[in-house]
Amino acid sequence: MNRAVYINRIAAYLPGEPIDNDRMESVLGMIGGRPSRARAIVLRSNGIKTRYYAIDPATGEPSLNNAQLTAAAIRRLEGGGFTLDRIQCLACGTSSPDQLLPGHAVMVHGELGNPTCEVASPSGICISGIIALKYGYMAVLAGLHHNAVVTGSETASASMTAKNFSAENEARVDELESSPVIAFEKDFLRWMLSDGAGAMLLEPQPKAGGLSLRIEWIEQFSYAHELPVCMYAGGDKDAWGRFVGWHEYPGEDVMKESLFALKQDVKLLNDKVIHMTVERGMTDTLTRHPLRPEEIDWFLPHYSSGFFRDKVYEGLRKVGMEIPFERWFTNLPSVGNVGSASVYLMLEELFNGNHLRHGQKILCYIPESGRFSTAFMLLTVLES
């Protein structure tokens with residue numbers, strides 16, 4: 001068994017060019033030929049200025065699928081003596097795989113073409129990326145492998161283009177004059193999510209002659225036993241609030257109701273996300289790892305919208321972990337909400353941007369509203 005695990009290389013891949021707020025709808029398309037009513041409302045509060053889409057703006061067709069995007073990020077890990085043929089463990093998290101089956105990680109492995117290795121495909125939404133990281137961390141810590149490559153990636157745009165809602169739009173043609181075509185719970189997510197991938201190389205020794213991040217601990221908690229489904233795709237809630245999977249619907253309703261579009265119960269999100277993922281999650285973390293706010297040099301919060309920034313701060317303050325904003329780091333305004341990849345993209349920018357110094361502590365917060373889970377991770381910066 002190894003004594004510690006280190007993040008020795010971090011890479012990111014953002015497809016295409018940054019898309020500003022004014023160009024979003026021209027890339028994703030207008031549903032039913034009508035501008036979205038939700039777009040301006042959502043963009044006013046989320047604080048995102050640019051984002052990236054794996055879409056060719058000229059044709060509206062995908063430029064990369066998720067496996068290709070993830071493989072592109074992994075290839076950028078090469079260097080410093082590390083090559084892809086050395087990968088022993090590959091764990092890839094995403095909420096937007098290219099297919100229901102097989103798992104995302106084997107598709108990435110096939111795309112890379114590297115030799116035989118162990119693979120794992122954590123399922124979930126934003127948490128899936130940190131669970132991939134924890135899988136690789138545990139595999140190296142246990143001495144099962146000498147290295148692990150872990151990823152978080154999203155191609156949310158693949159399900160957000162207008163063509164994916166055309167069947168629902170046609171099914172509701174009689175309602176066009178009296179109500180929005182697509183429910184707000186679906187439409188608002190079109191203006192919240194974007195594409196990208198991040199990758200990390202984990203090893204049992206720190207990198208010689210450069211920066212490493214020692215993983216002190218990773219904690220993840222699910223509160224699914226207390227709350228209903230909040231964010232979902234591949235099903236819907238019935239009149240009694242019961243979640244019903246797509247296979248229980250008649251085949252024609254799957255497309256008419258856009259059941260595979262990502263949807264969120266916005267009221268439930270606003271009511272519960274801070275209490276469950278910040279206050280409860282931080283409290284549960286502190287019972288295992290006593291920590292004081294003054295020990296934290298960098299706080300990396302993954303939140304979907306700038307709307308939640310002050311709310312996260314207040315939630316931390318309530319449980320005795322008030323961290324001043326000057327110690328926060330996020331790249332949400334420039335890269336958007338990239339779900340499971342967001343924590344990778346934040347760490348990549350810090351790690352490769354000459355921001356970190358030896359001995360600093362980094363606390364990462366990754367929530368998931370799917371059925372309310374949360375994760376916290378503590379890292380120590382080493383410089384040799």
Candidate set from the range 31-56 (those that are touching a strand residue (DSSP E or B) at 6+ places or on another chain (Cβ under 8 Å) and not polar (S, T, N, Q)); member that is surrounded by the most Cβ atoms within 10 Å (Cβ to Cβ): Tyr53
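Go over the candidates Ala67, Ala12 one by one and state the one that is buried (at least 21 other Cβ atoms within 10 Å of the Cβ), touching a His at 6+ places or on another chain (Cβ under 8 Å) and touching a residue at least 24 places away in the same chain (Cβ under 8 Å). Break it down stepwise before answering.
Numbers: Ala12 fails: touching a His at 6+ places or on another chain (Cβ under 8 Å).
Matching residue, one of Ala67, Ala12: Ala67.
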Matching residues in the range 1-30 - criterion: being touching a strand residue (DSSP E or B) at 6+ places or on another chain (Cβ under 7 Å) and over 24 Å from Pro333 (Cβ atoms): Ala4, Val5, Tyr6, Ile7, Asn8, Arg9
3 or more residues open to solvent by 60 Å² or more (accessible area, probe 1.4 Å), within 16 Å of Ser369 (Cβ to Cβ) and not hydrophobic (A, V, I, L, M, F, W, C): qualifying helices (runs of 4 or more DSSP H) within the range 224-326: 266-274
Some residue of the range 166-184 being open to solvent by 30 Å² or more (accessible area, probe 1.4 Å) and either at pLDDT 60 or above or under 30 Å from Gln360 (Cβ atoms) (or both): no
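Looking only at the range 357-370, how many residues end up being out of contact with any helix residue (DSSP H, G or I) (no Cβ under 6 Å at 6 or more places or on another chain) and crowded, with 20+ Cβ neighbours inside 10 Å? So that I can check it myself, show each step before the final result.
Our first condition is that a residue be out of contact with any helix residue (DSSP H, G or I) (no Cβ under 6 Å at 6 or more places or on another chain); within the range 357-370, this holds for 357-360, 362-363, 365, 370.
From the residues that got through so far, the ones that are crowded, with 20+ Cβ neighbours inside 10 Å too are 362-363, 365, 370.
Selection size over the range 357-370: 4.
Being modelled with pLDDT of 95 or more and farther than 30 Å from Leu211 by Cα narrows it down to one of Leu64, Leu90, Leu77, so name that one. Give the derivation first.
On the way: Leu90 fails: farther than 30 Å from Leu211 by Cα; Leu77 fails: farther than 30 Å from Leu211 by Cα.
After applying the criteria, what remains is Leu64.
The values are calculated or read from the model by the stated rules, or taken from the named source; none is laboratory data. Worth saying up front: this structure is predicted, and the values here are computed from it rather than measured. As a convention, Cβ positions derive from the backbone with ideal geometry for all residues, glycine included, and neighbour counts pool all protein chains shown. Please note that ligands, DNA and RNA were not included when accessible areas were found on the heavy atoms of the full protein model with its side chains. Shrake-Rupley method; radii C 1.70, N 1.55, O 1.52, S 1.80 Å.
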